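Computed from the coordinates by the stated procedures, all read-outs in this text should not be read as laboratory data. In this text, all values refer to a predicted model and were calculated from it rather than measured experimentally. Here the Cβ positions follow ideal geometry from the backbone for every residue, glycine too, while neighbour counts run over all protein chains shown.
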Amino acid sequence: MRWMHPATMLIAVLGLLWGLHGCSVPPLMHRGGIMVDSWAEVKIDNASVAGILAAFNRAESALQAGKLDELMDLYSNGYSYHGLTKQELRKIWEELLQQHREFRSNHILSRFVAVPGEPQSAEVTCSGSLWAISKETGEQVNIDSWYGEVHHMVNENGMWRVRGHRGKAPKTQVFGAAPHPFF
C-alpha cells in the first residue's frame with residue numbers, strides 16, 4: 001500500500017471536513033412533538049383520536065409558552081396518579097416552569113382503545129420524553145422519559161383530559177424508577 005503525501009492528506013481531510021460542515025443531528029428535545037406511530041393500534045373513532053391529539057398539542061403549546069393555567073387544562077379535575085392530585089401536580093409544574101425554559105416533549109402514541117362507560121373514556125399508550133433548559137446552568141435537562149405509559153383519558157365538557165394512568169403504584173419503587181405524572 002502506498003502512503004499519501006502529507007499535503008495531499010491534509011487537503012483530503014480538509015475537504016472531508018468542509019463537506020461535513022453544517023451536518024449535525026439536532027438534539028432530541030428540538031425534535032419535539034406529538035405523533036401517532038405508523039403501526040398504532042386504533043380501536044376508537046377518528047373524532048376521538050383527533051380530540052386526544054388536540055389535547056396533547058394544546059398542552060405542548062401551553063408548556064412552551066409557560067402558561068400554567070392552560071397546561072393544567074389537560075388534566076381532569078378528578079386527576080389521580082400514584083397519590084398525586086391535580087393540585088399537587090400543578091405545584092410540580094409550577095416549580096418546573098420556574099426552574100426551566102424552552103420545554104420540549106416527544107410523544108409517540110401507539111395505541112388508542114375506547115373504554116366503555118360514561119363519560120367517554122379511552123386508554124392511550126405513549127412513549128416519549130420531556131426536556132428543558134435549566135435556568136440555573138443553561139444545560140439541557142431530561143426531566144422525564146417513559147415507555148409504554150398508558151394514559152387514562154376522559155372526555156369532560158367536550159375536551160379530552162388525562163384522568164390518570166393505568167396501573168397502581170407499587171408499594172416500593174424500583175431503584176432508579178420514578179412515576180410518570182406528566183403528559
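In a simple Cβ point-charge model (Lys, Arg +1; Asp, Glu -1; nothing else charged), the range 25-165 has a dipole of about 100 debye relative to its Cα centre. Placing dummy labels 7 Å off each Cα toward the beta-carbon, the span from K91 to A50 is 4.0 nm. Pairs spanning more than 25 Å between alpha-carbon atoms, out of K67/K91; K43/K86; K43/K67: K43/K86; K43/K67.
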